1. By the 4.7 Å beta carbon criterion, which cysteine residues of the chain come out unpaired?
2. Restricting to bridges with both residues inside the stretch 1-102, how much of the DSSP beta-bridge set is antiparallel, in percent to the nearest 5?
3. For the chain, taking Cα atoms only, what is the radius of gyration to one decimal and the Dmax to the nearest whole Å?
4. Relative to the longest principal axis of the C-alpha atoms of the chain, give the angle of the C-alpha long axis of helix 125-135, reported between 0 and 90° and rounded to the nearest 10°.
5. Based on DSSP H runs of at least 4 residues, each adding -39500 (n - 2.57), what is the mean residue ellipticity at 222 nm of the chain after dividing by all its residues, to the nearest 500 deg cm²/dmol?
6. Picking from T226, A268, G311, whose Cα lies most toward the positive end of the charge dipole for the chain (charges on Cβ: Lys, Arg +1; Asp, Glu -1)?
7. Run the 1.4 Å probe and let me know the accessible area of I228, rounded to the nearest 10 Å².
8. On full extension of the chain, what length is gained from M213 through R288, given 0.36 nm per residue of separation minus the C-alpha to C-alpha distance?
Amino acid sequence: MFEFNVHGTQGAARAGTLTLPHGEVHTPAFMPVGTHAVVRGLSAADVRRTGAQIILGNTYHLHLRPGEEVVGIMGGLHRFTTWTGPMLTDSGGFQVFSLQGLRSIAEHGVEFQSHIDGTMRTLTPERAIDIQWRLGADVAMAFDHVVPGQSTAELACEGMERTLRWLDRCKARHEELAGQRAGYPLAGGSGAAALQQTLWPIVQGGIHDELRMRSLEGTLQRGPWTGIAIGGLSVGEPKPVMHGILEQLEPALPAEIPRYLMGVGFPADLLEGIARGVDLFDCVAATRNGRHGTAWLPNGRINVRGAGLKGSTEPLDPTCDCETCTTYPRGYLRHLFMVEDMLGLRLVSIHNIRFLVRLGEQARAHILNGTFDGWSRQWLGRHYARED
């Protein structure tokens with residue numbers, strides 16, 4: 001049920017198929033983020049039409065609202081959201097450690113203050129696994145200690161070693177739950193559905209090469225795993241540093257399992273990651289930019305509110321096959337933003353997600369036909385030339 005097959009490579013770039021209980025994911029692939037069990041402003045049908053194959057939910061936010069018990073009683077995230085494809089849940093580690101001044105860290109776990117109502121909560125490795133089991137996604141992530149992007153070697157080492165110790169506890173709890181064949185009542189019926197879920201670890205170590213390798217070695221010793229994530233990047237470090245870490249890790253990563261680069265999802269970052277052997281990505285940037293009126297195009301970004309779009313009958317992106325670009329002219333999209341209608345936010349978000357999904361599809365096709373290196377260099381060359 002949890003399998004990964006590589007169908008083609010070019011350099012470090014890979015084209016594969018990840019098989020999960022709720023379907024297949026053809027990689028490389030972008031995962032839209034449904035933090036609160038919803039990709040902001042979009043229905044499950046909207047997301048399906050973008051071509052997205054797998055979406056992400058967040059343990060921290062869903063624990064606070066509506067609570068994992070509510071989701072479980074309603075049959076798990078798939079029934080709760082009506083998304084029938086594969087799902088992955090982040091453990092909440094990044095969100096908890098981002099609560100500066102509102103949390104305290106100990107070996108047992110993290111005590112934090114809810115940003116919603118101020119109540120004190122505790123998240124431990126075991127609790128993070130319990131919550132994710134109740135949510136019922138195909139893939140659960142281990143609870144990790146995330147450090148700021150430019151952390152010293154001492155602080156990064158502390159977080160990396162604690163992540164490994166917590167991984168032991170996550171794995172033990174996940175195996176215990178799987179051994180019990182625990183399920184949850186199906187919505188509208190009786191009985192329980194046996195849950196099939198896998199656990200993926202997270203490599204940490206900040207921007208320090210030696211710590212990253214130690215983290216990877218320690219993680220692999222605790223395997224085998226059906227997938228592995230690289231966390232703690234794209235959090236303030238320079239892009240060349242992230243690229244260097246990926247290049248260092250790639251030869252040591254198991255070829256037979258998917259690699260997931262967490263929280264990375266701007267267009268150029270996708271291609272740079274794919275070129276360095278990454279299979280899966282997630283990021284909120286697609287919908288966040290869309291809600292603020294920024295659309296991604298092959299020749300750069302465009303501000304949908306811009307005066308130059310007034311009265312334009314051209315599609316947003318003539319090369320795109322999404323609902324937005326095949327239906328609505330630029331002038332109408334600008335009008336929606338100027339009158340502050342929520343349809344505009346939805347339509348540009350749909351386009352941005354489709355843009356990243358298509359980028360993954362295009363990369364896969366070029367990997368399989370042996371043209372990825374030249375195509376990606378040209379694409380990135382145009383992108384960086386525009387940014388200069």
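1. Here C157, C170, C283, C322 come out as lacking a disulfide-compatible partner, given the Cβ-Cβ threshold of under 4.7 Å.
2. Just about 70 percent of them are antiparallel.
3. 20.7, 62
4. So the helix axis and the longest Cα principal axis differ by about 60 degrees.
5. -13000 deg cm²/dmol
6. G311
7. Near enough 0 Å² of accessible area.
8. Extending this stretch completely gives an extra 23.7 nm.
The values are calculated or read from the model by the stated rules, or taken from the named source; none is laboratory data. On a predicted model such as this, the values are computed, not experimentally measured, just so you know. Every residue, glycine as well, gets a Cβ built from its backbone with ideal geometry; the counts of neighbours run over all protein chains shown. The accessibility values were calculated without ligands, DNA or RNA, using every heavy atom of the protein model including side chains. Shrake-Rupley method; radii C 1.70, N 1.55, O 1.52, S 1.80 Å.
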